[in-house]
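Since every read-out is calculated from the coordinates, none of them should be taken as a lab result. Everything quoted here is computed from the prediction, not taken from an experiment. Note: ideal-geometry Cβ built from the backbone for every residue, glycine included; neighbour counts use all protein chains shown.
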Amino acid sequence: MSVIYILLSVSVVIGVAFFVIFIMAVKSGQYDDDYTPSVRMLFEDELVKKQTNTTKQTKTD
Amino acid sequence: MESNSCFHCGDDCGKHPIKYQDKTFCCNGCKTVFEIFNENDLTCYYDLQNSPGAIPKEIEGKYDFLTQENIIEKLTEFRSDSIEIATLYIPHIHCSSCIWILENLNKLNPNISDSQVNFGKKTVRVTYNSDKTSLKEVVMLLSSIGYEPYISLDDFKSGKKHINRTLIYKLGVAGFGFGNIMFLSFPEYFEINEFWLEQYKPFFRWLMFAMSVPIVFYSAQDYFISAYKGLKAKVLNIDVPIALGVAVLFIRSTVEIMFDLGSGFFDSLAGLVFFLLTGRFFQQKTYDFLSFERDYKSYFPIAITKINRDGEEQSIQVYDIEKGDRILIRNEELIPVDGILINGRAKIDYSFVTGESQTVSKESGDKIFAGGKQTNGVIEMEALKSVEQSYLTQLWSNDVFSKNKEDGFTNITNAISKHFTIAVLSIAFISTSIWLFLDPSKAMNVFTAVLIIACPCAIALSAPYTFGNLLRIFGKLKFYVKNATVIEQLAQINTVIFDKTGTITSNKDSNAEYDGDLLSDSENTVLKNSLRGSNHPLSRTLYNILEANNIITLDRFEEHVGKGIEAKHDNIALKIGSASFVGNPENNAALNTTVHVSSNNVYKGKFTFYNSYRKGVSKLFNQLKKEFDLVILSGDNEGELENLKKLLPTKTKLIFNQKPEDKLEFIKYHQSEGAKVLMIGDGLNDAGALAQSNVGIAISEDVNVFSPACDAILDASKFKQLYSYIQTSKSAIKIIKWSFVLSFFYNIIGLYFATTGQLEPVVAAILMPLSSISIVVFTTVATNLLGKRIE
């Protein structure tokens, strides 16, 4: 049954790992702006589309 | 008018829209921006939102100071050999198109490697190659596409802004511990006598102990510090019983597991600290895009153009201006020091200072004061004082600006905690001494149990959740309050003092009265149509006031900057503008702003502008008069006395000719007589009064752009709601009192278990979260109902 020590230490290590990731995320400023990223993620597609359009145009030129 | 609105900025294109690619533009500036975007395949900008743009301003020479090494140093947050990073504040950021275009700046200038928008703060963080481009070029680029950055003296403060995230860390530590300890203590709740569980009990318990150590010594440290400070100042604040409870919980639990007496209360301990911190977190609502700490520095430019003795222009920092310096002020620039006008015709807009939106004309030789904005071409002036000694800026040397309003204010929670702490300690000692007779072995147990269960978690949560939620509700209703204490102070006021100009009068809609010979119908038509083509603020105002007419095409239209408009249609030649421009024979200097009209060189008459009072002023004053003393404290002369008397309830005191310092002293005097003052103002000249008052509210037409330092910012459109905001604050205090009653009820149940010596960890573990959660639910629901009532 001493396997419980291994299991517990594994679970605590995982817990602490997630905790450290959380602290790092806060430190990086991820929680400072909670609005702009939600808008920004919708842009990527349009930008890519535009870029392909321009490359097509230059090809036909 | 849909078809006639500008494709770029959405403004009315007026009489002469500029056509380009089947699209209409109101001005060349907007068209240019469209061309720039079009050439660079950035027209997506217009797909995301209709007409998102702003008209780019004329900026020639305005940013020359950005080439100065020491100014770049202050404005950038990172500098290396070839890379610079600067964060610029751009008030125009308002929609998703703005984010999109600003994050694609590298398409417009390939030397910009990265640009990132923070929408809440309205800033863009630009990374660029400083070998190939410069800060000045970046700023010019932004201005040319209508996103002019706002660079003020405030940016000159040394040191980067430090964001305090410790509360999130503390909350994270407490939450982590809370969750894990709950799991680990689960087997103990059911007292299962299973062999293996018994075997691992000590291990589980020490694991809980390990996790609660950072909770007590890191997450809860603020409570210990605050309690210590309170005791030192001989105040029993709410943190005293909390710190006592946490300490007792920790020590008793540790002793219990050390001597194998029981499982301890680590779960309750972690839960308690976690809930308390959520309250703090919830209360900490901030409006990133607003600043409540602004002083004149936020409005003053960082650098100004000085004219050397040999006539050479040189840009210098505003702080370096010395008495006797010759300074060049361009159109739309702010006058940073008091001085004498030397050259040019000044039309100065003092709305920052007084709230008065009409410009004041000055001739050379006249004295001009700092804080005004030149609106009419270039002027030269000679500085009479340095920046800090100028009439307006001197106000900030008053002590009142260095005082913290929260000092010396006992909030509702601390007011009750004094009695609460004494009561809890007496119960603890009485029950312990009774138990000493009955069963001395249990006495210590009872003593600690009382302190644990009486730990005022629910009481400490009532105010943060009530005020925190109310802050959010007010925010949605465009009443932006600095912090929870302001709501509490707002509930206690008994005197309301208003500034006049810009506060109870509106800048936007003025009234104008015509005085002179009647204009014929055709003259009226020409008048209206010529005003339509002009962008001068007075023309726009007059245009909006005059009745609608047919749209005609003028034969000739010419605008003379600073003088007026000349327009011709058929046989009518109109001149509209200043008295000298139209040839007014009686050139009397009137107190009010006027626009004169002449037709075919015959003087016709003049339009005189009056301030119009905000809608609902009269009603608001009548609501307020029942409960509060009302005062109007105006910096103006008594010209409006009769109008105000008619409009306002008779008991309103009307005081005129008040300098900024007088306003401050007036409030101080009344406070010394026991008045709790709510000051409502708008300009920088009210800043002293706003700071001195118990609650200072700044009225603002555009909350993003301007407001002096204050406790709360109220959007001008919500001015008439003021009374209901005060009422709601009062009701919030009632909600808190009711939730105190509710938490006493839980405490009595808990104390029953504690004093009878039967407090089990599982009882504490149920009672503690239950009381906290029910308080949170009660206050949230109650404040939401209050919020509904305002709407």
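For the peptides B:566-572, B:75-81, B:734-740, the ranking by mean Cβ contacts within 10 Å, running from highest to lowest, is B:734-740, B:566-572, B:75-81. Pair-distance distribution of chain B: all C-alpha pairs, bin width 20 Å, starting at 0; shares per bin in whole percent are 13, 37, 32, 14, 4, 0. Take each residue in A:32-43, count the other chain C-beta atoms within 10 Å of its C-beta, and the mean is 6. Seen against the Cα atoms of chain B and their longest principal axis, helix B:440-453 is set at about 20 degrees. Distant-in-sequence amide contacts of residue B:361, defined by a placed amide H-H separation under 5 Å and a gap of 5 or more residues or a different chain, comprise B:348. In order along region B:275-280, the Karplus-derived 3J(HN,Hα) couplings, from 6.51 cos²θ - 1.76 cosθ + 1.60 at θ = phi - 60°, round to 5, 4, 5, 4, x, 4 Hz, and Gly and Pro are given as x. Close amide-amide hydrogen proximity is noted between residue B:117 and B:125, each under 5 Å apart and 5 or more residues distant or on a separate chain (H modeled in the peptide plane; Pro and chain starts excluded). Across region B:600-725, the mean sequence separation of Cα contacts (distance under 8 Å, 6 or more residues apart), normalised by length, yields a relative contact order of 19 percent.
Of the residues B:138, B:119, B:83, the one whose Cα sits farthest towards the positive end of the charge dipole of region B:80-156 is B:119 (charges of +1 on Lys and Arg Cβ, -1 on Asp and Glu Cβ, taken about the Cα centre). All distinct Cα pairs of region B:10-114 go into the 1/r average, and the inverse of that average, the Kirkwood radius, is 16.0 Å. Coupling constants for region B:117-128 follow from the phi torsions by the Karplus curve (6.51 cos²θ - 1.76 cosθ + 1.60, θ = phi - 60°), and in residue order they are 9, 10, 5, x, 8, 6, 10, 10, 9, 10, 10, 9 Hz; glycine and proline get x. When +1 charges are put on Lys and Arg Cβ atoms and -1 charges on Asp and Glu Cβ atoms, the dipole computed for the protein assembly as shown relative to its Cα centre reaches about 2040 debye. Taking Lys and Arg as +1 and Asp and Glu as -1, the other residues whose beta-carbon sits under 12 Å from that of residue B:240 total +3.
On the beta carbon distance between residue B:129 and residue B:47, with R0 = 25 Å, the FRET formula returns roughly 0.25.
Sequence-distant contacts, meaning Cα pairs under 8 Å at least 6 residues apart, place the relative contact order of region B:1-135 at 19 percent. Kirkwood radius and radius of gyration were both taken over the C-alpha atoms of region B:322-363, and their ratio Rg/Rh is 0.95. By the compact-protein rule of thumb, 2.2 N^0.38 Å, the alpha-carbon radius of gyration of region B:2-48 corresponds to a ratio of 1.06.
Shielding by partners for peptide B:177-186, expressed as the average number of C-beta atoms from other protein chains within 10 Å of each residue's C-beta, is 1. Using only Cα coordinates, the Kirkwood hydrodynamic radius of region B:64-151 works out to 12.8 Å.
Sorting B:62, B:19, B:442 by the number of Cβ atoms found within 10 Å of their own Cβ, with the fewest placed first, yields B:19, B:442, B:62. Counting Cβ atoms of other protein chains within 10 Å of each Cβ in A:17-27 and taking the mean gives 3. Cβ-to-Cβ counts within 10 Å put B:647, B:249, B:207, B:244 in ascending order as B:647, B:207, B:244, B:249, the fewest first.
3J(HN,Hα) along region B:424-436: 5, 5, 5, 4, 4, 5, 5, 5, 5, 5, 5, 5, 4 Hz, from the Karplus curve 6.51 cos²θ - 1.76 cosθ + 1.60 with θ = phi - 60°, whole Hz, x for Gly and Pro. Using C-alpha pairs under 8 Å with a sequence gap of at least 6, the mean separation divided by the residue count of chain B gives a relative contact order of 11 percent.
Nearest 500 deg cm²/dmol is fine: what mean residue ellipticity at 222 nm does chain B get from its DSSP H runs of n ≥ 4 alone, each adding -39,500 (n - 2.57), divided by its residue count? So the calculated ellipticity at 222 nm is -13500 deg cm²/dmol. Assuming charge only on the beta carbon of Lys and Arg (+1) and of Asp and Glu (-1), the dipole of chain B about its Cα centre is about 2200 debye to the nearest 20. Counting other Cβ atoms within 10 Å, which GluC sites (Glu not before Pro) in region B:651-709 have at most 15 and lie in a DSSP loop? Those that pass, being in a loop and sparsely packed, are B:673. Within the shell of other residues whose beta carbon sits under 12 angstrom from the beta carbon of residue B:177, the net charge comes to 0, with Lys and Arg scored +1 and Asp and Glu -1. Taking amide H as placed 1.01 Å from N in the peptide plane, the amide H of residue B:696 sits under 5 Å from that of B:679, B:711, B:712, each at least 5 places away or on another chain. Rg/Rh for the protein assembly as shown stands at 1.05; both radii use Cα atoms, and Rh follows the Kirkwood definition.
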